[in-house]
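Undergrad: Dropping the structure in here first, questions after.
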Amino acid sequence: MIRIHPERRRKKAGTRMKYKIDVVRIRENSITLNGWAIGTTPEAKATFRVEDEHHQPVKFKMVPTRRDDVSQIYFKKACDREFGFDIQFPYERGKTYWLLIRCQGRQAKIKYNEELIAKRSSVAHKRMEKIKDLMNMETVHVAMDFWREHGLRALIKKSTHKLQGIDNDYDYSEWYDLTKPTPEELKQQREHHFPCEPLLSVVIPAYKTPERYLREMLDSILNQTYGNWEVCIADGSPRGQSAERVLRKYAERDRRIRYQILGENRGIAGNTNAALEMASGDFVILADHDDTLTENAFYEVAKAINDHPKSQVIYSDEDKLDMDGQALFDPHFKPDFNGDLLTSVNYICHLFVVEKGLLRKVGGFRQEFDGAQDYDFIFRCTEAAEEIYHIPKVLYHWRCHQNSTASNPESKMYAFEAGARAIMEHYKRMGIEAEKVEKGVDYGIYHTTFKIQGNPLISVIIPNKDHSRDLDTCVRSLMERSTYQNLEFIIVENNSTQEETFAYYEKMQKEHSNFRVVTWKEGFNYSAINNFGASFAKGEYLLLLNNDTELIEPDSIREMLGFVQREDVGIAGARLLYGDDTIQHAGVVVGFGGIAGHTFIGLHKAENSYFHRAMCAQDYSAVTAACLLTKKSVFDAVGGLSTELAVAFNDIDYCMKVRALGKLVVYAPYACLYHYESKSRGLEDTPEKVERFNREVALFIRKWPDIIKNGDPYYNPNLTLRKSNFALRDLLKEKIGEPYDLKVYEPFMPEEEAEGEGHEQ
């Protein structure tokens, strides 16, 4: 038998082009493909072609992307090459298309139609693909190298993790089964006694309730692990159509269940108020007649009341339940209280708990808001509450059936009109002047336009090093397209070398009285450069802006200014898109990737994000300074950007400092710009740059340890920190609520506490 040397075998195996399509997305009239392709060397370049079913060329858009993960596997290093691609082409349903990839004289041809895409998207197919990936020759070679370097035991451990990873694409029902309380935990809850055991009044308005659904709701209450509760049901069904027979049986079975037959429909608000009048508990829980509760729902509420005695409003996460009550889907893992998100959508919804004294203070449900009566009620409760507490666990199953707003929003248009009125009333009570509240990206999603107070000067600060064409695009987009024009431009010249740059400066200063260039003569320090620019600002507000941005939405500055003019807001950020109309920034979550990262990176602007979060105004812990509007008074109060953070996380740190003042950081999605992504700076590709980056990461960790350890309050501990798309935690890689292991940065920690160290609110 002839033996082939491993290196020779590898060379032979590596003569073929390699590629993979990671994601396929069908939209109304287009297909988007995300993947990668390589040859035998990093220099080999792949070309692409799209054909229709008649093999005629189809026009397509292709954006190259870096795939360091691919180059690390196949070339053992991060190469300065773009092996990845995003390809988008027109698509007609029912037709077939082909993607052709050529590299080094070889060609791959991949077929696409609805049937094949659906098949390839299935969990079973994805698992099979992962098995194939584990069994290919390249994987074998990598494994052999690992064995030689680290030993058999290490290889077995790594292989086990790989095999376990086959099942890490959970569907929600699988994930829920893995995370819900065990029978042992439920038993312990039933035996547990709290120092304070409040009486919980479950208030349920009923109207023509299907008996089966009512039984399931009541059974879910009877199965609770916490026992100090009462049920108060007011049935407003027409005579002869009430659920009295079922209610009587349950009331006879358990005295804690009480009901009254109203004999008439008083509307949603009237029926709920009748049930509220029956409540004698310390806290009131709102529930619908056809939904169900988890067994631990009341226990978690009682625990929250004991752990947070000042809490007057409590809410939990939720999911949806199908008609048959068999399948759970569409979990909504919510942030801690987020006032601006609440004005964009009723994200709180279920489970909602309110202290009885607060309820008496704000009053019950209001008839004029029927359809959004709970939305109006939640606003009034959260406005007046001393403390609002969020339980980051699914405690409520919201049943979806025909004509339910949970599954078909258009079925209750009146509800959304009432919701808009509830938002406007909220603004009036809060002393916030809003011009209008209108439909956002979908029904039930709202877009508020605030009234601009006066015509304040905004100082636009743009650091620049050469790239005068990019700078011109940026500046002219604001000058020519923005509906807000009281702007001054302060360009901070930062060691440019090209003559055309200085010629451009001279030309613009002659033509525009509001265009000024100031010169930074020291080395690159993003924080110091912006602070320097701000020192020349005459405006009441500062707009920190990258030179590689371009205005898309004309009202962008007005959108941000509407938020920042509020007393409670210190910063507003914008939605930023790459040149291919995918998201570059839609808010920042502290903890993403270990430290902080942008949300929904790579999602197309037209795609639905997690509960439409990318298109909802909301509070975040931070936004990017690539486009950041802030009060100059706030900027000065916190000492501007921290100069010890020369490159990394200085904008996140600034946001954290502003939040420490008690001010909000708001993401304004209707403020939208292109961000062509740091053309003026190079990569972190030298040992010196890498060391500096690590030092700055360590400093950020030192300054803001609580949020790193405890999690971002505007995110949710059930969602992953490894991706930006709000996916479920991969339970094989990360525990719920567990932060990244950041021990790698400990050697870079400063010996002394950083000056001006901050602490989160």
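The values are calculated or read from the model by the stated rules, or taken from the named source; none is laboratory data. Everything quoted here is computed from the prediction, not taken from an experiment. Note that we place each Cβ from the backbone using ideal geometry, even for glycine, and neighbour counts take in every protein chain shown.
Undergrad: Of all residues in region 601-637, which are of a type in the set (V, I, T), assigned to a loop (DSSP other than H, G, I, E, B) and either touching a helix residue (DSSP H, G or I) at 6+ places or on another chain (Cβ under 9 Å) or crowded, with 21+ Cβ neighbours inside 10 Å (or both)?
TA: Start the filter on region 601-637 by keeping residues that are of a type in the set (V, I, T), which leaves 601, 623-624, 630, 634.
Now drop any that are not assigned to a loop (DSSP other than H, G, I, E, B), which leaves 601, 623-624.
Answer for region 601-637, where residues must be of a type in the set (V, I, T), assigned to a loop (DSSP other than H, G, I, E, B) and either touching a helix residue (DSSP H, G or I) at 6+ places or on another chain (Cβ under 9 Å) or crowded, with 21+ Cβ neighbours inside 10 Å (or both): V623, T624.
Undergrad: Do you know which residues across region 65-93 are surrounded by 13 or more Cβ atoms within 10 Å (Cβ to Cβ), at pLDDT 75 or above, outside any helix (DSSP H, G or I) and not basic (K, R)?
TA: Applying the first criterion (surrounded by 13 or more Cβ atoms within 10 Å (Cβ to Cβ)) to region 65-93 yields 65-68, 70-71, 73-75, 78-79, 81-91.
Next, from what is left, pick out any that are at pLDDT 75 or above: 74-75, 81-91.
Next, from what is left, pick out any that are outside any helix (DSSP H, G or I): 81-91.
Once the filter is applied, which keeps residues that are surrounded by 13 or more Cβ atoms within 10 Å (Cβ to Cβ), at pLDDT 75 or above, outside any helix (DSSP H, G or I) and not basic (K, R), region 65-93 yields E82, F83, G84, F85, D86, I87, Q88, F89, P90, Y91.
Undergrad: Among (1) part of a helix (DSSP H, G or I); (2) closer than 20 Å to D370 by Cβ; (3) of a type outside the set (A, V, I, L, M, F, W, C), where does N265 come up short?
TA: Every listed condition holds for N265 apart from (1).
Undergrad: Hey, can you tell me all the residues within region 277-320 that are farther than 21 Å from E185 by Cβ and assigned to a strand (DSSP E or B)?
TA: F283, V284, I285, L286, V313, Y315, K320
Undergrad: From the list P238, P210, P205, P198, exactly one residue is modelled with pLDDT under 95, assigned by TED's automatic domain parsing to the domain that holds D319 and closer than 29 Å to A304 by Cα. Which is it?
TA: P205
Undergrad: Go through the residues of region 463-472 one by one and say whether even a single one is part of a helix (DSSP H, G or I), over 29 Å from K605 (Cα atoms) and among the hydroxyl-bearing types (S, T, Y). Spell out the reasoning first.
TA: Start the filter on region 463-472 by keeping residues that are part of a helix (DSSP H, G or I), which leaves 468-472.
Checking which are over 29 Å from K605 (Cα atoms) leaves us with none.
No - not one qualifying residue is present in region 463-472.
Undergrad: Hey, can you tell me all the residues within region 421-452 that are in a loop (DSSP other than H, G, I, E, B) and closer than 15 Å to V666 by Cβ?
TA: If we filter region 421-452 for residues that are in a loop (DSSP other than H, G, I, E, B), which is where we start, we get 431-433, 440-445, 451-452.
If the condition is that a residue be in a loop (DSSP other than H, G, I, E, B) and closer than 15 Å to V666 by Cβ, then I432 is the only one that fits.
Undergrad: In region 552-575, is there at least one residue being farther than 20 Å from A660 by Cβ, assigned to a strand (DSSP E or B) and modelled with pLDDT under 95? Break it down stepwise before answering.
TA: Quick first cut of region 552-575, residues farther than 20 Å from A660 by Cβ only: 552-562, 565, 574-575.
Then drop every residue that is not assigned to a strand (DSSP E or B), which leaves 574-575.
Now restrict to residues that are modelled with pLDDT under 95: none.
The answer is no; no qualifying residue exists.
Undergrad: Okay, next question. Look through L247, L222 and report the one residue that is free of Cβ contacts under 8 Å to residues at least 60 places away in the same chain, closer than 17 Å to D288 by Cα and more than 36 Å from the chain's Cα centre (by Cα). Steps first, answer last, please.
TA: Values: L222 fails: more than 36 Å from the chain's Cα centre (by Cα).
Going through L247, L222 in turn, just one is free of Cβ contacts under 8 Å to residues at least 60 places away in the same chain, closer than 17 Å to D288 by Cα and more than 36 Å from the chain's Cα centre (by Cα): L247.
Undergrad: Only one of (1) charged (D, E, K, R); (2) crowded, with 23+ Cβ neighbours inside 10 Å; (3) modelled with pLDDT under 95 fails for D685. Which number is that?
TA: Exception for D685: condition (2).
Undergrad: I'm checking my understanding of the structure. Among residues of region 702-716 that are in a loop (DSSP other than H, G, I, E, B) and either hydroxyl-bearing (S, T, Y) or under 17 Å from the mean Cα position of the chain (by Cα) (or both), which one is surrounded by the fewest Cβ atoms within 10 Å (Cβ to Cβ)?
TA: From region 702-716, those in a loop (DSSP other than H, G, I, E, B) are 704, 711-716; that's our starting set.
Right, trim to either hydroxyl-bearing (S, T, Y) or under 17 Å from the mean Cα position of the chain (by Cα) (or both) and you get 711-716.
Numbers: G711: 21, D712: 23, P713: 19, Y714: 24, Y715: 24, N716: 23.
Restricting to residues being in a loop (DSSP other than H, G, I, E, B) and either hydroxyl-bearing (S, T, Y) or under 17 Å from the mean Cα position of the chain (by Cα) (or both), the top hit is P713.
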